[in-house]
Amino acid sequence: MSNKAVLEKANAAVAGGDNEGFLFFCTEDTEWTFVGDRTLRGKEAVRQYMANAYATPPKFMVENLIAEGEFVTAVGKISMKDETGKMVDYSYCDVWRFRDGKMAELKAFVIEHTSR
């Protein structure tokens, strides 16, 4: 399976509320960096983050999926509930690095849409 296809399957799992199905596609030592916010190290840290942030599955639309070598970049929009239960819309760019067919590293650029 191509890295692009792996990411598409993983995204379908999380959109369906199947966080463990998503995590199947991650390496044990996966590292997620949310630029300007925090870094999660290891599958267990990601699992805990997802249990909280994705308690209600996020809704997202991938606009572009670009694959080159060990990298896949996804650009799109995502909506998810904040800590108060309100849906919040974001634009994102995720740069994934793959190792041995699994997602080993994420660098995520996420910008909240604010009304002006």
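Just so it is clear, none of the values below were taken in a lab; they were calculated from the coordinates. Model, not experiment: these values are computed from the prediction.
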Pull up the DSSP beta bridges for the stretch 3-112 and report the antiparallel fraction as a percent, rounded to 5.
85 percent
So what's the back-of-envelope 222 nm ellipticity for the chain, counting only DSSP H runs of four-plus at -39500 (n - 2.57) apiece and dividing by all residues, rounded to 500?
-7000 deg cm²/dmol
12 Å Cα-Cα reach of LYS107 towards aspartates and glutamates, excluding residues that sit fewer than 8 places from it in its own chain:
GLU31, ASP37, ASP94
Among GLY85, GLY101, GLY76, residue whose mean-square fluctuation peaks in a GNM of the chain (springs only between Cα atoms under 10 Å):
GLY85
So what's the gap between the Cα centers of the stretch 47-116 and the stretch 10-46, to the nearest angstrom?
10 Å
Here the averaged projected area of the stretch 3-112, based on the convex hull of its alpha-carbon atoms and given in nm², is 6.1 nm²
Potential lengthening between SER91 and PHE71 on full extension [0.36 nm per residue; Cα-Cα distance subtracted]:
5.2 nm
Where Rh denotes the Kirkwood radius from the mean inverse Cα pair distance, what is Rg over Rh for the stretch 46-109?
1.01
Do you know the relative contact order of the stretch 3-112, to the nearest whole percent, from alpha carbon pairs under 8 angstrom that are 6+ apart?
27 percent
